[in-house]
Amino acid sequence: MSPIGSAEWVMERCDDLTRHSSRPDALERVYLSPEHSAANMAVRAWMLDAGLDTETDAAGNLWGRRAADGTRQRPGTAGEPALVLGSHLDTVPDAGRYDGMLGVVLAIAVAHRLRDVPLPFALEVVGFSDEEGTRFGKALLGSCAASGQWDPAWWDQTDADGVTLREAFLQFGLAPDRVGDAARRPEDLVGYLEAHIEQGPVLESANLPLGYVTSIAGARRFVLTITGEARHAGGTPFSRRRDALVAAAHLVTRIEELARATDCLATVGDIRVEPGAVNVIPGLAELTLDLRGRTDNGRDALWEQISAVGHDIAQERGVKLEVVETHRAPSTACAGRMQAAVATGIAEATRSTGSTASAEVLGLWSPAGHDGMAMDAVTDVGMLFLRCRDGISHHPDEHVEAEDVAIALDAFTEAVLVLAREQEEAR
Ligand code: GLV
Ligand code: MN
Ligand code: MN
């Protein structure tokens, strides 16, 4: 094993975590699964090695903590307010190995680097339990619990097997009525800093290893259910058909047209058809819709258009359209002081590598969602982005270079020290 705190150690630990998957041929680790528990156990051991004491909270998030003087301290005990570093440990289906996990492991490496350095605040590392929303449709469940935004309406959301979120809590050994215990109080927090692969092409195109995030796009997710009539594919003339899938297909292409005319993004990522037989007209089509906008207003205006078009198509084709919103998160501005700390960290780290390609410090907004969208409700949020190859993510080909991770470690460590110096000066 490479020395803890090194870029190689970070890369190896991201490799290790691929073991904890529900599929032998691909990486998939969803909220409250046996793999979630196993990943928490592996990461807990690394946190302990880095000088942190650990605790799993009432929503399955894994926390590590040291006190300001560097001694281990149990998360959840009274103490100095904490600067929290971290990201998430859950994945999409057939995922890459860096989305989320890199930010958690990198945070542990930074904690290790700073283990003998007194700070004016406690330092915590978090591995959030659900950012992607793969299992229950609602994303950011882990960080919504940690930021005190749990909505009891979520308890009845089900996974693909019909298991409710409440049942999954119980199966994992968590008490649903204690979920409020996971909530952090603003007065106990100094800020939340997350390192993450960019998941887009901007840094690679600019030939830069790192960037700081200015804001995160607002998101909404829906399940659209179109109900027509399942009938014989041979015996039913077109004039008598109420084909749910053809209606869905029209809607999908219209969604793309509508979104292309805005600066928002819209994606139909999944479609399920019933009864799903070669010689039966589809009676039901269930689609997922993911919407993102730089502003909440832009995103909501696009949704209004999609909804109107959807109802028009339904009327024309004699089918019924029902809409359930499964997730909504506001667009989030990173706090000025957190942006500045990360930008200074990048400038210092790239200066010390002597890289000519890295003279610029780039700020960029994130169309992808992150746990900071929830944590913003209780503390200031900042993010460091790392270049990823070909901008690809949510795919097994996701890749980050060890050299970029090495610079990111320096930059992230420096960002923590910038915030520490600021807090000391303010005393
Ligand atoms: C999370 O990765 C998201 O943006 O969907
Ligand atoms: Mn993701
Ligand atoms: Mn992520």
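The values are calculated or read from the model by the stated rules, or taken from the named source; none is laboratory data. Remember, it's a predicted structure, so these values are computed and weren't measured experimentally. Neighbour counts run over all protein chains shown; Cβ positions are idealised from the backbone, glycine included.
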Every listed condition ((1) over 27 Å from the mean Cα position of the chain (by Cα); (2) within 21 Å of Lys138 (Cβ to Cβ); (3) of a type in the set (S, T, N, Q)) holds for Thr267 save (1)
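With the requirement that a residue be within 11 Å of ligand 1 (Cβ to nearest atom) and hydrophobic (A, V, I, L, M, F, W, C), what does region 79-103 give you?
The first filter runs over region 79-103 and keeps only residues within 11 Å of ligand 1 (Cβ to nearest atom), leaving 87-88, 90-92, 95-96, 99-100.
Within region 79-103, Val92, Ala95 meet the criteria.
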Could you list all residues from region 91-120 that are out of contact with any Gly (no Cβ under 6 Å at 6 or more places or on another chain), of a type in the set (Gly, Ala, Ser) and more than 13 Å from ligand 3 (Cβ to nearest atom)?
Ala111
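Residues that are at negative phi and buried (at least 16 other Cβ atoms within 10 Å of the Cβ), at least 3 per element: which strands (runs of 3 or more DSSP E) completely within region 150-268 meet that? Working first, answer last.
Numbers: elements: 189-197, 210-216, 218-227, 265-267.
In region 150-268, the matching strands (runs of 3 or more DSSP E) lie at 189-197, 210-216, 218-227.
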Just checking, how many residues over region 269-295 are among the charged types (D, E, K, R), part of a loop (DSSP other than H, G, I, E, B) and crowded, with 18+ Cβ neighbours inside 10 Å?
1
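Residue by residue, here is whether (1) under 21 Å from the mean Cα position of the chain (by Cα); (2) within 16 Å of ligand 2 (Cβ to nearest atom); (3) under 30 Å from Cys144 (Cβ atoms) holds:
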site: Ala285; (1), (2), (3): no, no, yes
site: Gly298; (1), (2), (3): no, no, yes
site: Trp303; (1), (2), (3): no, no, yes
site: Ala314; (1), (2), (3): no, no, no
site: Lys320; (1), (2), (3): no, no, no
site: Cys334; (1), (2), (3): yes, no, yes
site: Ser352; (1), (2), (3): no, no, no
site: Ser366; (1), (2), (3): yes, yes, yes
site: Asp371; (1), (2), (3): yes, yes, yes
Can you tell me which condition Thr413 does not meet? The list is (1) surrounded by fewer than 18 Cβ atoms within 10 Å (Cβ to Cβ); (2) closer than 20 Å to Ala335 by Cα; (3) touching a Lys or Arg at 6+ places or on another chain (Cβ under 6 Å), and all the others hold.
(1)
Residues in region 170-187: is at least one among the aromatic types (Phe, Trp, Tyr), within 16 Å of ligand 1 (Cβ to nearest atom) and at pLDDT 95 or above?
no
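The rows are residues; the columns are (1) closer than 25 Å to Ala329 by Cβ; (2) out of contact with any helix residue (DSSP H, G or I) (no Cβ under 9 Å at 6 or more places or on another chain); (3) assigned to a loop (DSSP other than H, G, I, E, B); (4) of a type outside the set (Val, Ile, Thr).
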residue: Gly70; (1), (2), (3), (4): no, yes, yes, yes
residue: Gly76; (1), (2), (3), (4): no, no, yes, yes
residue: Leu85; (1), (2), (3), (4): yes, no, no, yes
residue: Pro93; (1), (2), (3), (4): yes, yes, yes, yes
residue: Pro120; (1), (2), (3), (4): no, no, yes, yes
residue: Asp130; (1), (2), (3), (4): yes, no, yes, yes
residue: Gly137; (1), (2), (3), (4): yes, yes, yes, yes
residue: Gly142; (1), (2), (3), (4): yes, no, no, yes
residue: Gly148; (1), (2), (3), (4): yes, no, yes, yes
So, in region 1-54, how many residues would count as being crowded, with 21+ Cβ neighbours inside 10 Å, in a loop (DSSP other than H, G, I, E, B) and basic (Lys, Arg)?
1
